[in-house]
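A quick write-up on the structure given underneath.
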Amino acid sequence: MPDTLHRLLTTTVRGTVTFPGDPGWDDARQAYNLAVDQRPRAVVHAADAADVQAVMRAARAAGLRVAPQGTGHGCGAMASLDEAILLRVDRLGGLEIDAAARRVRAGTGVRWGEVTASLDAHGLAALAGTSPTARVAGYTLGGGIGFLARAHGLACNAVEAVEIVTADGELRRADASSDADLFWAVRGGGGNFGVVTAIEFRVVPAPEVFAGALFWDVTRAPEVLTAWTEWIPDAPDTLTSTARVLQFPPIPDIPEPFRGRSFAMVQGAFLGAQEQGADLWAPLRALGPEIDTLAVIPPSALGTINMDPPEPLPYAGDGGLLTAFTPEAAAALLAVHGGPGTSSPLLSVEIRHLGGAMATAPEGAGALSAIPAPFAWFGVGAIPDPALGDAVREGIEHVAEALAPWDAGCAYMNFAETPCGGDILFGADVHARLRAVRAAYDPDGLLLANHEVAPG
Ligand SMILES: Cc1cc2nc3c(=O)[nH]c(=O)nc-3n(C[C@H](O)[C@H](O)[C@H](O)COP(=O)(O)OP(=O)(O)OC[C@H]3O[C@@H](n4cnc5c(N)ncnc54)[C@H](O)[C@@H]3O)c2cc1C
């Protein structure tokens, strides 16, 4: 069978095909998360949509599955690739902006940083997440919660069309009027329904964005987190914020003044005028942060606020959704991470304020129509040495246990780094409908997504 696969791929694919043992094999199979050891049967860097079609046909003929991947930002929950071809989509570029119509068409390999930088000149913003290196499709298919999410909702519900190669090898354009079920499913249902080669989505006017972060020494964390819980009930939907407790390691890669220090932090963006933004943030600024980066910034600069590492690194992370984040929840979190006397192996635990436009389904929404919880948490720790992996995973477990009284009993795909099941991700009814769509478009389960929806 290896010979057959070799022939099927090398005679039909224009892009790069790499097999175990080939030069460049380790680079080809590597994901953003260096702690995840991906060992597929072959890696294909598709050059175009025709390559994606060829890979679908070759995989079917060879009895293998196809795992599409952009960056590997979300590879933590992926099942074994032993019987799969890893299909890298990063070369499927191309970015077209129709500023007048506030509409973008992006090849699936385009990174968010490229989109947001191109939109600045038009006074427009995309519903991108914190990381400019994430690729548009993976982030959007999983939902997409960014700095403008309380004002404009989930990125998946701003999608107007996808170009997608389904398991039968057909290249389709799915939108509200053609392959409408497929169009519904990809908007929040992840990479279970085909390989997206391009995506079209609405962008929003953003003439002025007042955004940044406030940092206090971690000893102020109880006071800061409590103040944040009291501040957000009055936040308008135009204000999206996150509270974090960060511990920077004492390594040269971390710049001063952060190196080796721990902080309580509140970061966020207000979509509106500076004066109004400054008024809104005044109660937190009154606590005297040590560092204050709040300013009017171009929307593309939102991608710097979370300080997400641009280069791959080894780590473990996980998160969940919360019914509330009260002063009691803040105290419970600080008892395991960042509070006095604690010793946590995690770099960061963040609590994101959801709600606003994410709380209700917009007309014509996709499978993830809204987020049924007002807060999300995510914890992450670096694993520079594999021996530290268990400690980091235990640290995340301790955060989950501390926040368990507020656990919403559901999860958000993009923040779930361990498999958690379709009923938890989507609710039973949406999960059942997604399984039916999967059965219609991929009855044999050719596609291998990081969060699997089995054909129903
Ligand atoms: C540093 C960092 C910051 C983040 N910040 C945010 C944030 O602010 N908000 C948020 O919502 N999420 C955030 N995430 C989570 C991130 O959005 C998800 O991990 C998302 O899946 C990343 O997409 P990707 O294509 O870059 O990653 P990948 O791991 O390559 O893709 C994840 C999955 O998406 C599917 N997929 C990817 N491309 C395709 C395609 N072309 N066709 C079909 N399926 C495809 C596959 O099933 C794949 O397993 C962050 C992640 C990281 C690492």
With Rg from the Cα atoms and Rh as the Kirkwood inverse mean 1/r over Cα pairs, the chain has an Rg/Rh of 0.96
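Below 9 angstrom from the Cβ of Asp217, what's the summed charge of the other residues (Lys, Arg +1; Asp, Glu -1)?
Details: positive: Arg220, Arg261; negative: Glu290.
Neighbourhood net charge equals +1.
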Counting Lys and Arg as +1 and Asp and Glu as -1 over every other residue whose Cβ sits under 13 Å from the Cβ of Trp228, the net charge comes to 0
Taking a crude spin-label model, label points 7 Å out from Cα along the C-beta direction, the Leu171 to Ala387 distance in nm is 5.2 nm
Computed over all unlike Cα pairs, the Kirkwood hydrodynamic radius of the stretch 209-415 in Å stands at 17.7 Å
By the mean-Cβ-within-10 Å protection proxy, highest first, 20-30, 261-271, 432-442 rank as 261-271, 432-442, 20-30
Volume per residue (Å³) of the convex hull spanned by the alpha carbons of the stretch 132-194 is 80 Å³
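Find, among the GluC sites (Glu not before Pro) in the stretch 94-192, those assigned to loop by DSSP (not H, G, I, E, B) with at most 13 other beta-carbon atoms within 10 angstrom.
Loop-located and lightly packed - Glu170.
Given R₀ = 25 Å, FRET efficiency for Gln276-Thr304 by Cβ-Cβ distance, to 0.05?
On the way: r = 23 Å, r/R0 = 0.90.
It comes out at approximately 0.65.
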Summing -39500 (n - 2.57) over every DSSP H run of at least 4 residues in the chain and dividing by its residue count gives a helix-only mean residue ellipticity at 222 nm, to the nearest 500 deg cm²/dmol, of -8000 deg cm²/dmol
Total charge of the residues flanking Asp98 in space, meaning their Cβ is under 13 Å from its Cβ, with Lys and Arg +1 and Asp and Glu -1, is +1
For the stretch 66-80, in residue order, the Karplus 3J(HN,Hα) values (coefficients 6.51, -1.76, 1.60; θ = phi - 60°; whole Hz; Gly and Pro = x) are 10, 10, x, 8, x, 10, x, 4, x, 7, x, 8, 5, 6, 4
To the nearest 0.05, the calculated FRET efficiency linking Thr226 and Ala404 through their beta-carbon distance, R0 being 25 Å, is 0.80
Descending packing, highest mean Cβ count within 10 Å first, for 402-413, 32-43 is 32-43, 402-413
Per the 1/(1 + (r/R0)^6) rule, R0 = 22 Å and r from the Cβ atoms of Ala439 and Asp82, FRET efficiency to 0.05 is 0.35
Once phi for every residue in the stretch 296-312 is put through the Karplus expression 6.51 cos²θ - 1.76 cosθ + 1.60 (θ = phi - 60°), the whole-Hz ³J(HN,Hα) values, with Gly and Pro written as x, are 6, 10, x, x, 5, 6, 4, x, 9, 5, 7, 6, 5, x, x, 9, x
Which residues qualify? For Leu447, with a placed amide H closer than 5 Å and at least 5 residues away or on another chain, they are Val66
Of all GluC sites (Glu not before Pro) in the stretch 291-363, the ones in DSSP coil with at most 10 other Cβ atoms within 10 Å are Glu363
For the stretch 263-280, Karplus-derived ³J(HN,Hα) couplings (6.51, -1.76, 1.60; θ = phi - 60°; whole Hz; x for glycine and proline) come out as 9, 9, 9, 10, 10, x, 9, 10, 8, x, 6, 4, 4, 5, x, 5, 4, 5
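FYI, it's all coordinate maths here, none of it is from the lab. The model shown is predicted, which means the values in this text are computed figures rather than measured ones. Ideal geometry is used to build each Cβ from the backbone, glycine not excepted, and the neighbour counts take in all protein chains shown.
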